[in-house]
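The values are calculated or read from the model by the stated rules, or taken from the named source; none is laboratory data. All of these numbers come straight from a predicted model, not from anything done at the bench. Neighbour counts run over all protein chains shown; Cβ positions are idealised from the backbone, glycine included. We work out accessible area using only protein heavy atoms, side chains counted, and drop any ligands, DNA or RNA first. Shrake-Rupley method; radii C 1.70, N 1.55, O 1.52, S 1.80 Å.
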Amino acid sequence: MNVSDTEIAWAILQKNGYARTKELDEADVVLLVTCSVRVPCTVAKAVFLPKSLVPVVFLQWRCSQASKVIADKIKSRHNPPTTNGTFRCHWIPCLALPHEDPSPLLAGCMAERLKEEILHREKLVDVVAGPDAYRDLPRLLAVAESGQQAANVLLSLDETYADILPVQTSAGGTTAFVSIMRGCDNMCSYCIVPFTRGRERSRPIASILQEVRMLSDQGVKEVTLLGQNVNSFRDLSEVQFQSVAAPGLSRGFSTVYKAKQGGLRFSHLLDQVSRIDPEMRIRFTSPHPKDFPDEVLQLIQERHNICKQLHLPAQSGSTRVLEAMRRGYTREAYLELVHHVRDSIPGVSLSSDFITGFCGETEEDHQQTLSLLREVRYNIGFLFAYSMRQKTRAHHRLQDDVPTDVKKRRLEQLIATFREEAARANAALVGQAQLVLVEGPSKRSASELCGRNDGNIKVIFPDAELEDAAECRAPGRAQPGDYVMVKVTSASSQTLRGVPLCRTTLSRAAASH
């Protein structure tokens, strides 16, 4: 989501005379897009945006990495305490640049959440912009140029940036993100997203299709549709669909809000997007398990370019904890959905999110989460120890009573169990041929290529001369954006390795199965 937001912000700033530089010293403005979900705060993207079409830097950083790069620029203005030689990531002191250096500009969720501390009390930055204020960046920067601090963290009920075509941050990339909706209405008790990104609102389908067509024309081979709750998408822009009945929830699921009538739903969007380019893979994230009507599952099963991979965030394996989290389902309902998904989409790859150490979680609750990991056997997992967030229902009504050392132990056990089961799931692919979208050279070896299969699992294979399955091209080495059939020879919990068989196309590979 922060990658997508960075591209939106960059498109706005580019239209106002800004350009990127590869040198920090050339930059007039430093823009850091932040996340308030993870701890310590993640600086997801840093973009240096100077005026007068001077070239600008684009890097991917964690807070500690950002600190190392610009620490020498901080000392003349601030001298924050350090830990192990790097600046602490509490109020993001890595943004505290001296006045004569680039103007620090903080954007994103953390900007909305900690405006007072960052802007006024700590005086770390010159500009703060919330996730619905990117259109206001040129004005905010103009205010900062006059020597004043500027902020806009107002949340909107209708801002979707539908008319802004994001500028891809990596030219010639094979994959891209397309934001289809913003905000969330689910109000899970642990989650700060509704308070930092606001209420749900969806982009008009027409604007989404326009962006996907543009990406297809640019040669992008995989698009991920993004939203805080992507499968509750509801486009109300066309009057004739405003009285359509709300689709039913997944069996055994409930919500804290009333069913929303009207609008074109996610199944319609997925159908239309998948028709644009038969050689473009379609993924989506992050969904809520409650919003998987059969028509969505059927579309995924039928369309060769919609990846057979679903993210089903469970958060816990304990019904008692799920109720405290206000997730709207029981362990049994979640497992019933998993079985239904696997019956509907043979060979589907599943990923999930888990939070350990939530308020009141007992050892028995923890064991139930471990057993869910074993029973479902996810291919990909995102596991975290619980960290309290202000404004959330948990902050107001529950006690963060699981000790830190217990959270750490439970998280280590979750990770170990996940890796064991993922290794078994991936081992089942050994000997099979997998269609891999090449992303580029492997990070560990220039003689190997890396890509992902349909299930979003990383696949590494030798960079060698390959025949073309359709015999449309002469033998040659695979390039980023090519589809390569790879026979899997070994597997771990994170990665598949194999030998390349041939270059092919998405359509041809689907027709041969």
Exercise for the section: Please enumerate the residues belonging to the range 214-273 that are farther than 24 Å from residue 437 by Cα, open to solvent by 50 Å² or more (accessible area, probe 1.4 Å) and free of Cβ contacts under 8 Å to residues at least 24 places away in the same chain. Expected result: 239, 240, 241, 242, 243, 244, 245, 258, 259, 261
Handout entry: Residues within the range 281-304 that are surrounded by fewer than 21 Cβ atoms within 10 Å (Cβ to Cβ) and at pLDDT 95 or above, tallied
Key = 8
Practice task
Select from the range 179-198 the residues that are open to solvent by 10 Å² or more (accessible area, probe 1.4 Å), in contact with a helix residue (DSSP H, G or I) (Cβ under 6 Å, 6 or more places away or on another chain) and within 24 Å of residue 163 (Cα to Cα) and list them in ascending order.
Solution key: 184
Handout entry: Selection from the range 386-443 of residues that are in a helix (DSSP H, G or I) and touching a Ser or Thr at 6+ places or on another chain (Cβ under 7 Å)
Key = 393, 394, 407, 410, 411, 414, 419, 422, 423, 426
Practice task
Residues being among the acidic types (Asp, Glu) and open to solvent by less than 30 Å² (accessible area, probe 1.4 Å): count how many of those fall in the range 414-454.
Solution key: 1
Exercise for the section: Look at the range 154-178 and say how many of its residues are of a type in the set (A, V, I, L, M), open to solvent by 30 Å² or more (accessible area, probe 1.4 Å) and over 19 Å from the mean Cα position of the chain (by Cα). Expected result: 4
Fill in the blank from the handout: Taking the range 278-324 and keeping only residues that are under 19 Å from residue 342 (Cβ atoms), among the acidic types (Asp, Glu) and free of Cβ contacts under 8 Å to residues at least 60 places away in the same chain, one is left with 294, 295, 302
Completion exercise
Of the residues in the range 1-18, those that are open to solvent by 20 Å² or more (accessible area, probe 1.4 Å) and over 23 Å from residue 225 (Cα atoms) number 4
Exercise for the section: Would you confirm whether any residue within the range 293-312 is within 23 Å of the chain's Cα centre (by Cα) and under 30 Å from residue 395 (Cα atoms)? Expected result: yes
